[in-house]
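We did not get these values from a lab; they are worked out from the coordinates using the rules stated. Predicted, not measured: the structure shown is a model, and the values here were computed from it. Here Cβ is always computed from backbone atoms with ideal geometry, including for glycine, and neighbour counts include all displayed protein chains.
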Amino acid sequence: MNFIEKDTIEERLEMMSILAKQFYVRAHQVDVEGTFPYANIEDLKQSGYTALSIPRMYDGEGISLYDLLRLQEKIAEGDGATALSIGWHMGIIMNLGEKGNWEESVFKMLCEEVKKGALINSAATETNTGSPTRGGRPETAAVKVEGGWMITGRKTFTTMSPVLDYFIVSAAIKEADQVGNFLIPRSAQGISIEETWDSIAMRGTGSHDLILNNVKVPDNYFVEKLGGEGKKPSGWLLHIPACYLGIAKAAKNYCIQFAKEYSPSSIKGAIIELPNVQQKIGEIEWRIMQSEYFLYSVAKQWDSSNLVERAQLGPQLGAAKMTVTNLAIEVVDLAMRIVGAKSLSLKNPLQRYYRDVRAGLHNPPMDDMTIQLLAKSAIIKAEV
């Protein structure tokens with residue numbers, strides 16, 4: 001199987017469905033043991049999937065945001081942790097290609113490495129500064145030295161850390177009122193991973209701490225200055241709600257199949273025939289339809305917009321993430337109500353879905369920031 005050889009989203013979704021079934025089989029063991037889904041990530045690399053978001057100008061497929069979200073959603077139907085993990089890599093490559101902020105030679109090198117199977121993610125969060133979306137200045141420091149930069153610090157929530165080949169690390173420039181991103185290869189001396197990830201949600205993401213002890217990188221690996229103009233809207237972050245929508249669909253499929261098969265002695269036939277069960281299934285489908293229409297329409301709007309138009313899509317992007325994530329939580333809850341106490345069994349996937357969808361509340365952008373953004377947007381429109 002190779003995604004590069006498939007031309008249509010339908011063909012690629014069919015391929016991903018096959019992989020997702022394998023991911024589902026492995027998901028319980030990874031979750032229970034709190035390990036990392038190495039086999040899933042390797043399958044995605046070998047299939048060519050991890051290179052799909054490389055821009056066409058660098059001989060990549062340059063898939064659309066809409067296509068990316070559909071594929072990410074399908075991964076999440078099999079395993080949410082795998083989807084969220086690989087989604088960061090896929091989205092970052094897409095984002096770098098769209099915005100073109102890096103020195104071309106560095107990004108071209110990275111694209112060539114990704115074609116060979118290299119994986120990348122950002123390392124921006126720190127214990128004392130919290131989420132980077134809140135604007136805190138990182139304690140990780142970069143010092144100018146001969147021929148490059150020396151970086152020291154500690155990053156938390158470094159998702160996919162067991163298999164990453166490159167890290168994009170945010171650091172404060174020593175003795176300057178400036179923050180920047182640095183590209184750091186895993187092979188650089190002074191890098192280590194401390195296995196700190198003990199979350200009850202998304203246990204398989206390997207979001208451990210990245211330790212940087214006097215890590216030296218060349219001058220051109222100072223890839224981007226941060227701040228100044230403010231953050232621009234980023235369509236690629238919709239991989240986050242796509243993940244939770246996929247989990248919600250997995251919950252829907254499970255509860256419907258359960259309702260078809262479960263026939264307690266107190267009734268004739270299966271519980272799928274009961275009006276109260278059908279009521280809940282209808283409510284589930286209603287929420288999933290809302291999520292699909294919102295998420296897909298915003299993604300298509302992003303794909304069809306130019307740079308000026310994309311700069312205005314911040315409120316829509318935030319609202320899509322907030323809506324889909326919260327509806328996914330409601331869907332899983334309804335599915336568990338249909339299945340009943342059996343849904344709380346450790347062997348039942350619904351209890352994993354329940355824990356995993358809660359993680360979406362803590363992925364960027366957070367709900368309160370989205371509400372503030374929507375309020376500001378509404379006020380500005382009312383003043384026109």
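Points to keep in mind about this one:
- Taking 0.36 nm per residue of sequence separation and removing the Cα-Cα distance, the Gln22/Asp367 pair yields an extension gain of 120.9 nm.
- Relative contact order of the range 24-146, defined on C-alpha pairs under 8 angstrom at six or more residues apart (%): 22 percent
- The range 285-362 and the range 16-34 have Cα centres lying 20 Å from one another.
- For the chain, the relative contact order comes to 16 percent (Cα pairs under 8 Å, sequence separation of at least 6).
- Pair Asn306, Gln290: separation of 7 Å Cα→Cβ label points (nm): 3.6 nm
- The angle between the Cα long axis of helix 367-383 and the longest principal axis of the Cα atoms of the chain comes to about 80 degrees, rounded to the nearest 10.
- Rounded to the nearest 500, the 222 nm mean residue ellipticity of the chain from helices alone is -16500 deg cm²/dmol, with -39,500 (n - 2.57) taken per DSSP H run of at least 4 residues.
- Antiparallel content of DSSP bridges confined to the range 122-226, in %, to 5: 90 percent
- Taken along its three principal axes, the alpha carbon spread of the range 3-118 comes to 43, 30, 21 Å, from the longest extent down to the shortest.
- Estimated at 0.36 nm per residue, the fully extended path between Ile211 and Ser192 surpasses their Cα-Cα distance by 6.3 nm.
- Here the calculated FRET efficiency for Asn253 and Asn276, from their Cβ-Cβ distance with R0 = 25 Å, stands at 0.80, rounded to the nearest 0.05.
- The range 235-377 - percent relative contact order, Cα under 8 Å, separation 6 or more: 35 percent
- Counting DSSP beta bridges with both ends in the chain, the antiparallel % (nearest 5): 85 percent
- Estimated inter-spin distance, Gln178 and Tyr38, nm [label 7 Å along Cα→Cβ]: 4.1 nm
- For the range 194-308, taking the reciprocal of the average inverse distance between every pair of different Cα atoms yields a Kirkwood hydrodynamic radius of 19.4 Å.
- Listed residue pairs exceeding 24 Å between alpha carbons, taken from Lys280/Lys342; Lys321/Lys376; Lys108/Lys216; Lys74/Lys321; Lys21/Lys321: Lys21/Lys321
- Scanning the chain for GluC sites (Glu not before Pro) in DSSP loops with at most 16 neighbouring Cβ atoms within 10 Å leaves 230-384 as the longest stretch between them.
- Pairs of C-alpha atoms in the chain farther apart than 42 Å represent 12 percent of all such pairs.
- Dividing the C-alpha radius of gyration of the range 122-226 by 2.2 N^0.38 Å, with N its residue count, gives 1.02.
- The chain: angle of helix 275-304 to the longest principal axis, Cα-based, in degrees nearest 10: 30 degrees
- With Cα atoms, 0 to 90° folded angle of helix 314-339 axis to the chain main axis: 40 degrees
- Tail weight of P(r) past 19 Å, computed on alpha-carbon pairs of the range 235-377, percent: 55 percent
- Compared with the direct C-alpha span, the chain from Lys232 to Thr133 gains 34.5 nm at full extension, assuming 0.36 nm per residue.
- Using Cβ point charges alone (K and R +1, D and E -1), the dipole size of the range 122-226 about the Cα centre works out to roughly 120 debye.
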